């Protein structure tokens, strides 16, 4: 079990994960701007335990993906991607015992050329 906090501590979550296997960044329009390093779990393995009413939701384009951030400090905590809404992507920088600067390999997801956008 890992614990996730926004910067001010208003939002707290528990992530049912033993080992972080998938470490990624995304080059889509929002991820490029927020610059977060993320990982993914099934929705049932991610639980907000504090501050649920203090989360803000941001959606754009197809309005399928859900991007959440703290209404006080503005930190992105997690999202549900449109490619797989049954998953939760979470900001590894919000997991206290993880130093994202120690990752040797970070996979880049090509969200800029999202398959659902192909005509």
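Here, each number is a calculation from the coordinates, and none is a lab measurement. Here the structure is a predicted model, which means the values were calculated and not measured. FYI the Cβ positions are ideal-geometry reconstructions off the backbone, even for glycines, and counts take in every protein chain you see.
Which whole-number percent is the relative contact order of the chain (Cα, under 8 Å, 6+ apart)?
Working: 223 pairs, mean separation 36.5, N = 119.
Dividing the mean separation by the residue count of the chain yields 31 percent.
Shape analysis of the chain yields a ratio of the Cα radius of gyration to the Kirkwood radius, Rg/Rh, of 0.94. Of 45, 54, 21, which is the most mobile in a GNM of the chain whose springs link Cα atoms less than 10 angstrom apart? In the Gaussian network model the winner is 21. The residues 70, 94, 28, when put in order of fewest to most other Cβ atoms within 10 Å, stand as 28, 70, 94. Rounded to the nearest 500, the 222 nm mean residue ellipticity of the chain from helices alone is -1000 deg cm²/dmol, with -39,500 (n - 2.57) taken per DSSP H run of at least 4 residues.
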